[in-house]
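Let me begin by presenting the structure, written as structure tokens, before commenting on it.
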Amino acid sequence: MSTVWGNVLEDEKAGFHWAYGRSEHLGGTIGPEHFKSPAHIVHEDIVYAKDSPIQVASLLLISADGEAREIIRDGAYLV
């Protein structure tokens, strides 16, 4: 796992991350028209990597058939 630097474009490759909000500018399907007003248009990336102020206690991936697989426990990757 890599250290984060404060540059989201680099940091999001340092470990697990997720994003929410606008995505059409990155090839996604959510655009400005999906927001109630221009003031609410946002795209945020949340990075979980070594030295990040946000740590993950546990991350479970659950498949469509209900099978769960733990990917992160106590901040450490299990895969």
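Take every DSSP beta bridge whose two residues both sit in the chain; close to 95 percent of them are antiparallel. As a size descriptor, the averaged projected area of the C-alpha convex hull of the range 40-79 was calculated at 4.5 nm². Multiplying each eigenvalue of the alpha-carbon gyration tensor of the chain by 5 and taking the square root yields semi-axes of 26, 19, 10 Å, largest first, rounded to whole angstroms.
Throughout, read-outs are computed from the coordinates displayed, never taken from laboratory work. Owing to the predicted nature of the structure, the values given are computational and were not obtained by experimental measurement.
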